[in-house]
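Written below as C-alpha cells is the structure these notes are about.
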Amino acid sequence: MREQKNIFQNIDWVATGLYMVLVLFGWINIYAAVFVEEHKNIFDFTQSYGKQMIWIACAIVISLIILMTDIKFFSTFSYPIYIILMLMLLAVLLVGNVTSGSKSWFLIGNFKLQPSEFAKFATCLALAKYLSALNIKIQDIRTKIITAFIIGLPVLLIFLQNDTGSALVYTAFIFVLYREGLSGNVLILGVLGIALFFLALLINQYIILGVLLAIALILFKYIRKRRKEITILVGSFIIIAGFVFSVNYIYENVLEEHQKGRIDVLLGKEVDLKGIGYNVNQSKIAIGSGGFIGKGFLQGTQTKYNFVPEQSTDFIFCTIGEEWGFVGSSIVIVLYVLLFLRIIMMAERQRSSYSRIYGYGVASILFFHFVINIAMTIGLAPVVGIPLPFISYGGSSLWAFTILLFVFIKQDANRLQLL
Amino acid sequence: MKAPHSERQHIIKIIVLSVGVIFILRLFYLQIIDDKYKESANRNVFRYITEFPARGLVYDRNGKLMVYNEATYDLMVVPKDVKDLDTTELCRLIEITKEVFIKRLKKAKGYSSYVPSIFEREISKEMYGFLQEKLYRFPGFYVQARSLRKYPLSIAAHVLGYIGEVSPQKIMNDAYYKPGDYIGISGIEKSYEKELRGKKGLKIKMYDVYNREKGSFRNGMYDTVSVAGKDLITTIDADIQELGEKLMKNKRGSIVAIEPKTGEILAMVSSPTYDPNLLAGHDRSKNYLMLLQNTSEKPLFNRPLLAQYPPGSTFKLLNALVAQQMGVVNDNTRYPCSLGFHMGGVNVKCHAHASPCNLEQSIQHSCNSYYSYTLKAILEKSGYKTTREAFNTWRTIVLSFGLGKKFNDDLCNELSGNIPTAEYYDKLHGKNKWRALSIISLGIGQGEILLTPIQLANFAAIIANKGYYYIPHMVKKIGNEKTIDSRFTTKQIVKVDKKYFDIVLEGMSKSIEAGTGTGARLKNITMAGKTGTAQNPHGEDHSVFVLIAPVENPKIVISVLVENGGWGATWAVPIASLLVEKYLTGKIERVDLEKRISEGVVKY
C-alpha cells in the first residue's frame, strides 16, 4: 500500500486538464453571450461572467478539499449523503423558490442553491455503494427493486418540483446498470422504445399496429411452435401495441402543452417560429450563422442581442457555435468525447467495484447532459432545460459537476491504495 | 483480475463516439452546408439604413437659385416590427382610413417584412412634429427625412423637368435604385440625374431582440457615406426665361434663345407652361393627371424640342447660303417676281414688292419667286447628271446645319425634324421621275421640311457665327468640375463658306430696317432678322421669327414661334425684340409694348 505524499500525486491530469479547459472556455463564452459594452470587465461581479468567476474559484476550492479528504470518507458516508440530499429535495418542495416554473431552489440570501444538481452525485454514491456490496448480483429481483428505488426516489421528488429535465437525467444510470451486468436488452429496448414513441406520434397508430401484426405473423411462421415461444410472441405483441396506444394517450392527456409543443417542433409537425418553435429556430440560426470559423470572439450577434433565450445557461452552446464556428464547436464536442472516454477508461482501471461503478455513474450523468443539451440546441432533441456540464452558467451545476468528477478523480488517484 | 462484464465498456465507448460523430455531422450541416441560417441571422440583427444625399441645386447663369431642396418626411414601416398597434389612433394622426391603412400595410408586407417601405410620403412639418412625439407607441413605424424639390422662381418647368418615384422597370435595370427612390423624369433632372443625385450611403445598424439599436456593424466597416449631389449652373438666364414665359402667356408656341458663340441656351420657353412646383410634393400625382388631361393646352408638351413646324420663309436664308456655296447665285443674281413664281403650271404666290430683286433684297422682301428660281437653279445646276445628284448635294449641305437629325443635346428628349430624302421623292413621284418643279416648295421652306424651334434657333446661331455652331446645351458648370462634356465644346462647322454669310446677314439687317421685321427695331442695337409664316393646314398660319443681335458681335439669337400667330410681325417679332432689349440692356423701356404682348391672346 502506497502512501499519498501530496494531494496532487497520481491525479489523472488528462481528465483534470479537460475539465479545466471546458470550465475556462465556458467562462469566456458566458462573457461573450451576455457581453454589454458598459460592463466590459470580465471580472465585473454584477454580471453573470463575474459571478461565474466566483463560482469557478469556489469550485477550485471544493476540488482541493475533495482531494484532501480521506479516501474512505465518501464510501463510508455514501448513504448518509444520499439521505441528506433526499431530505433536501423534500424540503425544497416545501420552502423552495420557484424559478421558471420549477420549485427547485433554496433561497439563501442572494444566493440560490439547487439541491437537485447535487442529488445526482448523491444518487451516484448510493448506487455505487449498494451495487458494490459483496453479495449483490444485479440479476436478482431484489437487487433490481432496491436499485430502482435508489434511482426512482430522487426522480419522483424532482418530478414533483416540476423539473422534468433534471428528472430525466437519472435515465443515464441505465449505462451503469448495463455495465454491471443488466441484460443488454435493456439498451435495445430503450432505443426501440424511443423509436416507437416518435413513430407512434408521427404515424397513425393503426398502421403501426398493422405492421406489427404482419411482423408477428411472419415470426410465427419461423419460430418453433412451443407454448413458451408463442406466449412470448403474443405477449410482446400485446405489450408493444399497448405501448403504442399509451404513447398517444400520454401525449394527449399527460404531457403539458409546452412539452407537447417541443416534441411537435422536433418532429416538424409544428413550425410556429414565433411561438413554441422560437427557441430551437433561433438556436439553430445562431449556430448555423457561425459558419466554418465563426464570427469571432465577442462578434456574435444572435446570442448577445438576446435572440437566443437562456443564452448563458442551457443555450450556451449557441454562443460557441456562433462565435467559434464549426471548428470551435467540433473541438468542444471532441473534448467532451475525450473526457467521457477517459473517465470510462479510468473506471475500468479501478480495483474496487465501488470506484468503478461510481466512475461509470459520473460518465453516464455527464454524457446524458451533454447529449440532451447539445442535441436540443442543434434541433435533434426536444427542448429540455438541463445545463451543459462545466460550461453553462450557474454555481449549483458547476459545483455539483465538479464534486461529481473530483470525487472520482480522488478515488482514481488512490486506486492502488484502496481495496 | 478482470471485472465481470468489462467487455461492455466497448459498447458504451462506441455509443459515446457515435454521438460525437452524429453531433459533428449535424454541425457540419448547420454551419457549412445550409446557408439559410446565416441569412436569418442577418435578418434578425441588421437594419440597412439608407442615407439619402441632398440632391444638387440648380442655378441660372447668373447664380440665381432655380431649384433647391426642402426637408420633408416620409413615414416608414417595417411590417415585421408592427405589433400591438392602435390602428385607429395612427389613422387619425395621418388622416387616412382604416381600409387604406390595411391596404398599405399589406403592400409593404408584399415587398418585404424586414425591409422598410414608405407608408405615407411627404408628411407635413406640423404632422411630423406631432407624430415624432407619439411614434414610440407605434412599433415598426419611423420617420425618415428626405428632401423635396422647390422652384422659387416658378419658371422653366420644361427645362428643369421634375423628379418622381423610380419605375419598377428602372429598378430592374439599375441596381442603384430601390423602390421608393426618386429619379429625374424629365428635363435636366433627367439628363443630369447621375450628377444631381449624388450617391446614397448605406449604414448597417444592429438591433437586439427588443429592437434596441446596438450600434454599427463592425464599427461601420461596411458602411458607406452618402455623397451630396453636384450643383448645376445652367446656361439659362432666369430673367429672359421669365420674360419669355410672360410674353408667351395665352399663346401657344415656343421661344429658344441661344448665345451663338457658345451654344448656351439662354432661354427656352414652351407655352402653355405650368408651375414646376406642381410636380413636386404631396399632390404631385394629382397635379400630373390634371396637366396630362388638359388636352387642349397640353402644358406638359415640350414644344421647343418636340414640336416640328415647316420653317417657312426663314428657310430662304438657308437656300441663299446653299445656292451661293454651290455657285448658282451671287450677290448680283436677280430673279423676277410677278406676284409670284409661275412656270410649267407651278404657281408660287408672292406679295407685292419691287422686282426684280438681287440676293440681298430677296431676303429683305422675303421674295417667294426668287427662292423658287434659286432652288430650280440649284437642282438644275450644270455638271450634275440628274436632279437627284444635285438634290443630294443640297441636302448634304442642309444637314450640316444640324437639321433633320437630333443634336444629342443634354435635354434628354428631342425630335429630329425632317429634311426629305431623294428616296422619299422616288416613292412619291416614281424613281427619278421628279424634277425641280416637283419640289419647288422646298425653296420657300414649305412642303415636307420640318424644323423644331431649337433647330431654328441654332440655324440663326450659325448665321450669326458665319458658319459654325456648338451643340445647344443647358449646363455651364457641374459642381466643381472645370469642363462640361466635350461634345458641347466641339465646334461644328457647316458646309457653307464664311464669306457667303455676309450678304445673308446684310439682307436680314435690311429686313429689320425696312422689311418684314421692322417691328423689332431698337435704338443703338443692330439686329438681323427674318420673319416666316409656317403654313398650317388646320387653321391660321404659325408666326415665325428669328433674330440676331447685335449683328457686328452677336450675343443672342432667338427663334420665336407663335402658333396660329398669322404674320410673323404680329407676335413673333415684338416678342423677340423685347427679349433682346432685356438681355442686352438689362431693362425694358417699351413698357406698353411689353404689356400689350403679354396680355395679348392668340386663339388656338
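The values are calculated or read from the model by the stated rules, or taken from the named source; none is laboratory data. Note that this is a predicted model, so its numbers are computed, not measured. Cβ sites come from the backbone with ideal geometry, for glycine too, and all protein chains shown count toward neighbours.
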Report task. Kindly provide the set of residues from the stretch B:366-400 that are more than 18 Å from residue B:422 (Cα to Cα) and either touching a strand residue (DSSP E or B) at 6+ places or on another chain (Cβ under 6 Å) or surrounded by fewer than 24 Cβ atoms within 10 Å (Cβ to Cβ) (or both), ordered by number. Result -> B:367, B:368, B:369, B:370, B:372, B:373, B:382, B:383
Query raised in the report: Taking residue B:529, is it under 24 Å from residue B:308 (Cα atoms) and surrounded by fewer than 24 Cβ atoms within 10 Å (Cβ to Cβ)?
Result: no
Query - Hits in the stretch A:167-185 (condition: surrounded by 13 or more Cβ atoms within 10 Å (Cβ to Cβ), in a helix (DSSP H, G or I) and either modelled with pLDDT under 90 or more than 10 Å from every other protein chain (Cβ to nearest Cβ) (or both)) - result: A:167, A:168, A:169, A:170, A:171, A:172, A:173, A:174, A:177
**Report entry** Considering residues of the stretch A:84-99 that are β-branched (Val, Ile, Thr) and touching a strand residue (DSSP E or B) at 6+ places or on another chain (Cβ under 9 Å) only, the residue surrounded by the fewest Cβ atoms within 10 Å (Cβ to Cβ)
**Finding:** A:95
Query - Flag for residue A:304 being in contact (Cβ under 8 Å) with a residue 12 or more places away in the chain, farther than 25 Å from residue A:397 by Cβ and more than 7 Å from chain B (Cβ to nearest Cβ) - result: no
**Report entry** Segments classed as strands (runs of 3 or more DSSP E), wholly inside the stretch B:144-237, with at least 3 members that are touching a residue at least 12 places away in the same chain (Cβ under 8 Å)
**Finding:** B:163-165, B:182-184, B:201-207, B:232-234
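A quick yes/no check of all residues on (1) closer than 30 Å to residue A:278 by Cβ; (2) more than 8 Å from chain B (Cβ to nearest Cβ):
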residue: A:310; (1), (2): yes, yes
residue: A:313; (1), (2): yes, yes
residue: A:331; (1), (2): yes, yes
residue: A:339; (1), (2): no, yes
residue: A:353; (1), (2): no, no
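Residue-by-condition table, conditions (1) modelled with pLDDT of 90 or more; (2) aliphatic (A, V, I, L, M); (3) surrounded by 18 or more Cβ atoms within 10 Å (Cβ to Cβ); (4) under 20 Å from residue A:351 (Cα atoms):
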| site | (1), (2), (3), (4) |
| --- | --- |
| A:37 | no, no, no, no |
| A:42 | no, yes, no, no |
| A:49 | no, no, yes, no |
| A:52 | yes, no, yes, no |
| A:60 | yes, yes, no, no |
| A:82 | yes, no, yes, no |
Query raised in the report: Can you pull out the residues in the stretch A:31-77 that are over 15 Å from residue A:410 (Cα atoms), among the hydroxyl-bearing types (Ser, Thr, Tyr) and assigned to a helix (DSSP H, G or I)?
Result: A:31, A:48, A:49
Query raised in the report: part of a helix (DSSP H, G or I), closer than 17 Å to residue A:26 by Cβ and polar (S, T, N, Q) - does that describe any residue in the stretch A:301-312?
Result: no
Requested in this report: Output the helices (runs of 4 or more DSSP H) that fall wholly within the stretch B:1-118 and possess 1 or more residues being within 9 Å of chain A (Cβ to nearest Cβ) and either among the hydrophobic types (A, V, I, L, M, F, W, C) or touching a strand residue (DSSP E or B) at 6+ places or on another chain (Cβ under 9 Å) (or both), or say none.
Outcome: B:8-28, B:36-45
Query raised in the report: If you scan the stretch B:248-259, which residues turn out to be in contact with a strand residue (DSSP E or B) (Cβ under 8 Å, 6 or more places away or on another chain) and either at pLDDT below 95 or crowded, with 24+ Cβ neighbours inside 10 Å (or both)?
Result: B:248, B:249, B:251, B:252, B:253, B:254, B:255, B:256, B:257, B:258
Query raised in the report: Is it true that residue A:140 is of a type in the set (D, E, K, R) and surrounded by 14 or more Cβ atoms within 10 Å (Cβ to Cβ)?
Result: no
